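The values are calculated or read from the model by the stated rules, or taken from the named source; none is laboratory data. These numbers come from a predicted model, not from an experiment. Quick reminder, even Gly has a Cβ in these numbers, built from the backbone with ideal geometry, and neighbours come from all protein chains shown.
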Amino acid sequence: MFVVSLGFISSFSLPPYNLFYINFFSYPALLLILLLYSKDKITSFNVGWIFGFGYFISNLYWITHSLTFEDIFKPLIPFALILIPLFLGLFYGISTLVFSLLNPKKNILSILILATSLSILEYIRSFLFGGFPWNLISFSFTNNLEFIQILSLTGTYAFNSIIILLFLLPTILFFNYKKNLKINIFFFSIIVIFVNYFWGKSNLRQFELTEKRDLGFTIKIISPKININRYFQNENPSKFISELIDISEPNPLIKTIFILPEGILSSIYFEDLKNFKNIFSNNFSKKHKIILGMNIYENEKIYNSLLVLNNELKILDKYYKNQLVPFGEFLPFEKILLNLGFKKITQGYQSFSSDNHRDPIKLNKFNFVPLICYEVIYSGKINKSKTDYDFILNISEDGWFGNSIGPQQHYSHLIFRSIEEGKAVIRSSNNGISAYISPKGQVIDKISTSEKGFIELTTYKKSNKTIFSSQGNKIFFYFVFIYISLIFLLKKREN
């Protein structure tokens, strides 16, 4: 229970609580001390696994809310609540097992070994079986913009390795080092922290001096609050269309791009939307473009898509979602599980199909990289085409999270992506947080989960291309190479 509690408490460093000092004083360090006194490798694995279970069960409980909408899924809630954290906790267990295999002693080498193994397994967790890079330890600093400007150089995974190292350093107090050495390591760490902080602060101050530029048109980020239960009701879509138009407040004289959330008209396919063409043509003008998420049925496949439409509902551009949510949008081992009575959580029995292209969408001389829902959580995987672009465009439906910490955790990824890529993020979410975020992670405007309305943009600030946007996750492997080299050098010196 003690180890579960360590993981549980450690998770409060994450959004929306962001109590990063919980880990700095110093639950990961306690984990390391437990490992150093573990009797055998099985015990070390169990310590990491149980710690990971406590960590994930406290910050991913909201996943079970998506199982409450249909009776067929409700019996699965206890299993999802327990099994998902147990599975994700395995990555911590494997990390601590690797740590024990290297037989570290009570010295700084043990810190470096555990930080390296945790960092590598967190990276693997982010991509294995489709990946789930949710709630990495580095997200503790989401609200500390000065501290995380380094993301533009390192990216999330390399930064995560630095943070793990930082959180483990207090363990030095328990090592048999001379007092002067402990003091020197402590002051060196403080200097590094302050240098990074003041560099980030200077970076933000310099960006504040950047001149605003006119877009030449208006962008309206629409944030409705239409109940997620509509997925399972056969109500007339005209009701929702009229509500969306009322929130959008279209002015026929103003050149405007309206951005609506993912799957906002979930009960119909795009072909069915054409039956409501008159409503659109009567309320939107030729000066308007409409971006919205809809399901498209094409060649006997269903795609979760982002569409760019004119007021006559002609498709000007489109994007099909690349990264689908397991069980939410597709059923793994579908042929077997369908026979057992299972289906995907979203409406209908047929799984969505994925695409593998993500080209920027060009609108009024600007390029937008389209991302649907949790595609925004994949660091280093945003700009697949490597074409230069101006904005990250994310549409989402967060109603599946319910009234939980899920939407806030989802939203925190936007701040990391904006700094990494050096691009502003435009996000429209139903039942979630809609926002406009600067290329430095500053929240220019946002609408919370409990509100509805729109955010209006007429100007923007351009930022320089970041090192991470050019190099991607190769930077993480550079860090890993440095860590492993240091481990070998220290091991050799120790022997």
* Asked: Looking at this structure, is Leu313 hydrophobic (A, V, I, L, M, F, W, C), touching a residue at least 40 places away in the same chain (Cβ under 8 Å), within 21 Å of Ser223 (Cβ to Cβ) and buried (at least 17 other Cβ atoms within 10 Å of the Cβ)?
  -> no
* Could you tell me which numbered condition Ile392 fails, if it satisfies all but one of (1) without any contact (Cβ under 8 Å) to a residue 40 or more places away in the chain; (2) β-branched (Val, Ile, Thr); (3) part of a helix (DSSP H, G or I)? => (3)
* To do: Scan segment 23-57 residue by residue and report those that are of a type in the set (A, V, I, L, M) and in contact (Cβ under 8 Å) with a residue 24 or more places away in the chain.
  => Ala29, Leu30, Leu31, Leu32, Ile33, Leu34, Leu35, Leu36, Val47, Ile50, Ile57
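So that you can scan it fast, the table gives a plain yes or no per residue for (1) among the hydrophobic types (A, V, I, L, M, F, W, C); (2) surrounded by 24 or more Cβ atoms within 10 Å (Cβ to Cβ); (3) touching a strand residue (DSSP E or B) at 6+ places or on another chain (Cβ under 7 Å):
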site	(1), (2), (3)
Glu375	no, no, no
Ser385	no, no, no
Ile415	yes, yes, yes
Ile426	yes, yes, yes
Ser434	no, yes, yes
Val443	yes, no, yes
Gly453	no, no, yes
Lys465	no, no, no
Ser469	no, no, no
* To do: With respect to Thr68, determine if the residue is among the β-branched types (Val, Ile, Thr) and crowded, with 16+ Cβ neighbours inside 10 Å.
  => no
* Please specify each residue of segment 251-269 satisfying the condition of being crowded, with 19+ Cβ neighbours inside 10 Å and part of a loop (DSSP other than H, G, I, E, B). => Leu260, Pro261, Glu262, Gly263, Ile264, Leu265, Ser266
* Answer yes or no as to whether Lys452 is without any contact (Cβ under 8 Å) to a residue 12 or more places away in the chain and not assigned by TED's automatic domain parsing to the domain that holds Thr154. => no
* Identify, by number, the condition in (1) within 13 Å of Glu420 (Cα to Cα); (2) out of contact with any helix residue (DSSP H, G or I) (no Cβ under 7 Å at 6 or more places or on another chain) that Thr458 doesn't meet. => (1)
* To do: Answer yes if at least one residue in segment 360-381 is assigned to a loop (DSSP other than H, G, I, E, B), closer than 24 Å to Ile63 by Cα and modelled with pLDDT of 95 or more, and no otherwise.
  => yes
* **Pick from segment 174-219, criterion among the small types (Gly, Ala, Ser) and part of a helix (DSSP H, G or I), ranking: surrounded by the fewest Cβ atoms within 10 Å (Cβ to Cβ)** => Ser202
* Structure fact -> Only unsatisfied item for Lys335, checking (1) touching a Leu at 6+ places or on another chain (Cβ under 7 Å); (2) at pLDDT below 95; (3) surrounded by fewer than 20 Cβ atoms within 10 Å (Cβ to Cβ), is (1)
* With respect to Gly263, is the statement that it is within 22 Å of Lys365 (Cα to Cα) and small (Gly, Ala, Ser) true? -> no
* Asked: Can you name every residue in segment 91-126 that is under 15 Å from Phe56 (Cβ atoms) and not in a helix (DSSP H, G or I)?
  -> Ser126
* Asked: For Ser58, are the conditions met, namely being farther than 15 Å from Val4 by Cα, in contact with a Phe, Trp or Tyr (Cβ under 7 Å, 6 or more places away or on another chain), hydroxyl-bearing (Ser, Thr, Tyr) and not assigned by TED's automatic domain parsing to the domain that holds Gly406?
  -> no
* From (1) closer than 19 Å to Trp134 by Cβ; (2) modelled with pLDDT under 95; (3) among the hydroxyl-bearing types (Ser, Thr, Tyr), pick out the condition that doesn't hold for Ser38. => (1)
* Residues that are at negative phi, assigned to a loop (DSSP other than H, G, I, E, B) and in contact with a helix residue (DSSP H, G or I) (Cβ under 7 Å, 6 or more places away or on another chain), drawn from segment 270-320 -> Asn311, Glu312
* First in segment 60-76 and closer than 18 Å to Gln233 by Cβ, second anywhere and among the aliphatic types (A, V, I, L, M), Cβ under 6 Å, 6 or more apart -> Ser66/Ile345; Phe73/Leu67
* Go over the candidates Ile241, Ile245, Ile222, Ile226 one by one and state the one that is of a type in the set (A, V, I, L, M), in a strand (DSSP E or B) and surrounded by 13 or more Cβ atoms within 10 Å (Cβ to Cβ). => Ile222
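Each row is one residue, and each column tells you yes or no for (1) of a type in the set (Ser, Thr, Tyr); (2) out of contact with any Ser or Thr (no Cβ under 8 Å at 6 or more places or on another chain); (3) over 19 Å from Lys465 (Cα atoms).
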| position | (1), (2), (3) |
| --- | --- |
| Leu136 | no, no, yes |
| Gln149 | no, yes, no |
| Leu181 | no, yes, yes |
| Phe186 | no, yes, yes |
| Ile191 | no, yes, yes |
| Asn229 | no, yes, yes |
